[in-house]
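S.K.: Provided herewith is a single structure, encoded as structure tokens, for subsequent inquiry.
The values are calculated or read from the model by the stated rules, or taken from the named source; none is laboratory data. Predicted model only: the values in this text are computed from it and were never measured. Here the Cβ is made from the backbone with ideal geometry for all residues, glycine too, and neighbour counts use every protein chain on show.
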Amino acid sequence: MDTHMEDVCKIVNQMEIQLRTNLLLKDGQIQEKKLWENTYIKHQIDRRNSKDLFSIRDHIRGMVYAMLSSGIAWERVEDSIDVSTGKIKVIDEAFHQYDPDVLLTCSPEELSDRVKHLHCASQSTKKQMSGLIHTNIKKLKQIEKVYGSIDTYYQEFIDKDCSYKTLIRTLSDSNSKDKMVEMGEALNAEYLRNVGYDMAKPDRHTRRILGSRILACSDYETVPLFETLDIAKEIADKLKKPVAEVDYILWSYCSKGYGEVCTVINPKCNICVARQICKNSIQS
Ligand code: SF4
């Protein structure tokens, strides 16, 4: 690892400390639900490390959370997050606790209306619900039937490529028989992370802060998706943290309602722990 990446690793540690001691406070109290250890992701990674079995319901929940998070600010459902599991109760209820057979009797419009009612809908919701009901759940059921579990099938790809990229491509490529509808590479990475596979969610915030104009971990201003996975892994290995935790720290540092330091408009460079190495700060 070069010295610049070593500096970035130190900065990520400092970001975490600042988030915990300062940025995630509300009325002087830490916002428990926003701490890494209370997130749904962390619970799923722990489950996978304990060799827990993931059911088709877990997979559908992971896919639904990924689909919905792409269009909404998580704050809208914050009150409904169960701090002991990280699950979002109102969404779980709206989706019939992810029972595949019950969901297959629902119409996409019905699910879409439920999502709208929770103020979690985006322009893509209707298409996503259609993809979920008409294709994706059926594919997951078929995989489970043939292989015994969805993870058994996914493991075949992970055994060949432990970076998860082959599995992500398999679920994303339009020419693949395993293509999940309305799920591109970023959403599939998020879905897989939501079922405990330890990887980054290549979000616009993470791709921007790691990019050439800020932390300069890449030659690109917006880091390409798969390169983001590699950079987050490199930092995580050095810090001996889960990759998803490193990703969560970087994302929280940028996101509205979380750290809100490295925002696109009006970044708070004066309080930022990265300002000594940040390209944007040096230039401004
Ligand atoms: S110094 Fe400013 S632009 Fe750079 S990482 Fe910090 S907040 Fe973002």
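S.K.: Restricting to segment 15-40, count the residues that are acidic (Asp, Glu) and buried (at least 16 other Cβ atoms within 10 Å of the Cβ). Reasoning before the result, please.
M.R.: So in segment 15-40, the residues acidic (Asp, Glu) come out as 16, 27, 32, 37.
Within this subset, residues satisfying the condition of being buried (at least 16 other Cβ atoms within 10 Å of the Cβ) are 16.
The qualifying residues number 1.
S.K.: Could you check segment 212-284 for helices (runs of 4 or more DSSP H) lying wholly inside it with 3 or more residues that are within 13 Å of the ligand (Cβ to nearest atom) and either crowded, with 17+ Cβ neighbours inside 10 Å or not assigned by TED's automatic domain parsing to the domain that holds Asp46 (or both)?
M.R.: Here the list reads 243-254.
S.K.: Next up: Could you check Arg208 against (1) touching a Lys or Arg at 6+ places or on another chain (Cβ under 6 Å); (2) within 10 Å of the ligand (Cβ to nearest atom); (3) assigned to a helix (DSSP H, G or I) and say which number it fails?
M.R.: (1)
A quick yes/no check of all residues on (1) more than 26 Å from Arg204 (Cβ to Cβ); (2) over 21 Å from the mean Cα position of the chain (by Cα); (3) small (Gly, Ala, Ser); (4) surrounded by fewer than 20 Cβ atoms within 10 Å (Cβ to Cβ):
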site	(1), (2), (3), (4)
Met1	no, yes, no, yes
Met5	no, yes, no, yes
Lys42	no, no, no, yes
Gly62	no, no, yes, no
Tyr65	no, no, no, no
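S.K.: Which numbered condition trips up Lys177, out of (1) in a helix (DSSP H, G or I); (2) loosely packed, with under 15 Cβ neighbours inside 10 Å?
M.R.: (1)
S.K.: Let me confirm something: among Leu167, Leu132, which residue is under 17 Å from Thr228 (Cβ atoms) and modelled with pLDDT of 95 or more? Don't jump to the end; show me each part of the working.
M.R.: Numbers: Leu132 fails: under 17 Å from Thr228 (Cβ atoms).
So the residue among Leu167, Leu132 that is under 17 Å from Thr228 (Cβ atoms) and modelled with pLDDT of 95 or more is Leu167.
S.K.: Starting from segment 196-213, keep only residues that are at pLDDT 95 or above, then list their pairs with residues that are of a type in the set (Val, Ile, Thr) and part of a loop (DSSP other than H, G, I, E, B) whose Cβ atoms are within a distance under 7 Å, requiring at least 6 positions of separation or different chains.
M.R.: Short answer, once both residue conditions are applied: Arg207/Thr222; Arg207/Val223; Arg208/Ile214; Arg208/Thr222; Leu210/Val223; Gly211/Thr222; Gly211/Val223.
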